[in-house]
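The values are calculated or read from the model by the stated rules, or taken from the named source; none is laboratory data. Everything numeric in this text was worked out from a predicted model, so none of it was measured. Methodologically, a virtual Cβ is constructed for each residue, glycine included, from the backbone with ideal geometry; neighbour enumeration extends over all protein chains shown. Note: areas computed on protein heavy atoms with side chains; ligands, DNA, RNA excluded. Shrake-Rupley method; radii C 1.70, N 1.55, O 1.52, S 1.80 Å.
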Amino acid sequence: MINFVVCGGLFVTGRVSLLKSFTGSALCTMISIVVMFATIFIDQKRHLLGSYRVVAVGFGLLALAAVVQILVYQFAHNGVFSGLYMAIGLFGFMICAIIHTIKQLINIRLEANELMHISKAKDDFLANMSHEIRTPLNGILGMDEMILRETKENKIREYALDIKSAGNTLLSIINDILDLSKIESGNFEILPVEYDLASVLNDVLNLTRHRAQKKKLAYDFRVEETIPSSLYGDEIRIRQIMLNIINNAIKYTEEGSVQVDISSRSTMMGNYADLIIRVADTGMGIREEDKDKLFRSFQRLEERKNRNIEGTGLGLHITWLLLEMMEGSIEVESEYGKGSAFTVTVPQRVVKAVPIGNFSKAVRNYLDNIETEEVMLYAPRARLLVVDDNEMNLEVMEGLLRDTHIQTDLADSGQACIERVREAAYDCILLDQMMPGMNGEETLNEMIRLDLLHQTPVVALTADAIIGAKENYLAKGFTDYLSKPVKYELLEQVLNEYIPKEKQQVRSADDDLPVMLIWGEDPERLRAEKDRLDGIYKCVCVTGSKAMEKYLEKHQPFGVMHVV
């Protein structure tokens, strides 16, 4: 169609003669027909000819019109009808082409809707997977924390630390899969904030140094003194990128060293700076032919050789995707058998151009200028309600809170939670989201409807850890958010914030251990039991039931043990 319009236009404007315009038009038509037949032939091999039915009808109409037109020219010799039949054929072909195009657009729309439903189903599956894995993992890591707190036997502590390490590895794999899913579905956002660079670097150093020392690697963490001290960017993702690159270097280095160099390059008249992170190692290096696989998802190099090394192969792929979103870059230099060097460059806006100076001093200044709470929360007058349908999770929460001496009530359903809140006033409620019957959101809404909360903070306690979950729960009316597995440091931080300050006390020496009353008739057995429990409990031993009753008249111990 375009061919006829162009050739006709050239003839009308006098650029070419009528004969040349017909010749050019015929040549273009022949090329178009050859291309069409080639496309049809390829699609026939791919079993896609079904979509050509309407176009085939159009071709049939056009061919029939051409035959009629030839017969008219041959027998009628009537100039009035010279182009009428061909025009009818072209019009019919155009209608069929339009119908075909509309059908294709409808199919594209249907496919887009199907992809959207598939994407939603995948997100729902990942959310459920996160919940189903994190819930038992919360019990495993929580019980392991109890073992670490209470045991004094080195061998048992060693076993418990191995469990903790394996559990955290599994948790990091889950987080990587969820991050990748959100990035690829387009639901991932970069959230820039003002941040103190010394604090981020200190976190990264603390989280990586021990791992390098455990493998007996020389670990050199150098920070250029001229880097701006305060930047504007996504602090969490900057930290994640650094950890991915450094941990990867440590993971694949069996002996030698890992060297981290942090520097910056001023851009745009000093208003921006390229933050440069270079990580060099003396590990196994990368083959030249494997470099193309380096940033692909679920790709691990030399799989058979590295089968004992943990991970999914997602870390570098996620790093590459994050840098792409932040307009950064990553470069790799490597010599197989000798080591690798990764250089990450990410632009950040400068908030304070004051140089960071000596890194260790900058960290100390940062820590001195932030408000700090008591390291150990101690609030025996505070009252807390924990709601979870999983019995082990309730046991874990009770164990984690034992040393705080907070009065902790437990509920295993939304309805039980409402009944508890009717009966007593709480300083804070930790409410699980995914429960049978009334879930956390429905329970919260019901308590609000019944006006039971009276500004009591309600913290969502959930295994839903997909990016954006916290904002989602805050929008639903929760005061804050804690993801499972629950880390005690984060739990303590939340409770420090929401339990009234007047109910938080300074722990005295006598309050370090809970009191356990041990009573019986045999002094030797009482002494042996006391020796066994010393360090876990502050043991008080009495002989005989009368002495036990007399003690309980004046004291309220954590527990009472009868030794027979």
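Numbers for the structure displayed
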| item | result |
| --- | --- |
| Rounded to the nearest 10 Å², the accessible area of V332 at probe 1.4 Å | 40 |
| The range 274-291 - phi-based ³J(HN,Hα) in whole Hz, Karplus 6.51/-1.76/1.60, Gly and Pro as x | 7, 7, 10, 10, 10, 10, 10, 9, 10, x, 6, x, 10, 5, 4, 6, 8, 5 |
| Distance (nanometres) between label positions extended 7 Å along Cα→Cβ at E549 and Q415 | 4.1 |
| Nearest-0.05 FRET efficiency for H562 and L191, computed from C-beta distance (R0 51 Å) | 0.35 |
| Long-range HN-HN contacts of Y336 with modeled amide H, under 5 Å | I286 |
| In Hz, Karplus ³J(HN,Hα) per residue of the range 212-219 (6.51, -1.76, 1.60; θ = phi - 60°; x = Gly, Pro) | 5, 5, 4, 8, 6, 9, 6, 10 |
| Length gained when the stretch K476-M268 is fully extended (0.36 nm per residue, less Cα-Cα span) | 70.7 nm |
| Computed label-point distance, nm, for sites R211 and V540 using a 7 Å Cα→Cβ extension | 4.8 |
| Spatial separation of Cα centroids for the range 473-506 and the range 199-249, in angstrom | 27 |
| Inter-label distance for R349 and R109, nm, one decimal - labels placed 7 Å from Cα along Cα-to-Cβ | 4.1 |
| Cβ-based net charge around P523, under 12 Å, with every Lys or Arg adding one and every Asp or Glu removing one | -1 |
| Theoretical FRET efficiency, 1/(1+(r/R0)^6), r = Cβ-Cβ of E391 and L533, R0 22 Å, to 0.05 | 0.30 |
| Contact order relative to length of the range 384-491, as percent, for alpha carbon pairs under 8 angstrom and 6 or more apart | 23 |
| Linear extension gain, K293 paired with E423, 0.36 nm per residue minus alpha-carbon span | 40.7 nm |
| Rg/Rh for the range 515-555, where both radii come from Cα atoms and Rh is the Kirkwood radius | 0.97 |
| Coil-residue trypsin sites (Lys or Arg not before Pro) of the range 229-284, DSSP, other Cβ within 10 Å capped at 14 | none |
| Efficiency of FRET from Cβ geometry, Y488 and T226, R₀ 41 Å, rounded to 0.05 | 0.60 |
| Residue-wise HN-Hα coupling along the range 431-446, computed from phi with Karplus coefficients 6.51, -1.76, 1.60 (Hz; x: Gly, Pro) | 10, 5, 8, 8, 10, x, x, 7, 7, x, 5, 5, 5, 4, 4, 5 |
| G256 long-range amide H proximity, modeled H, under 5 Å | A218 |
| Other-chain or far-sequence residues with amide H under 5 Å of M435's (modelled H) | G440 |
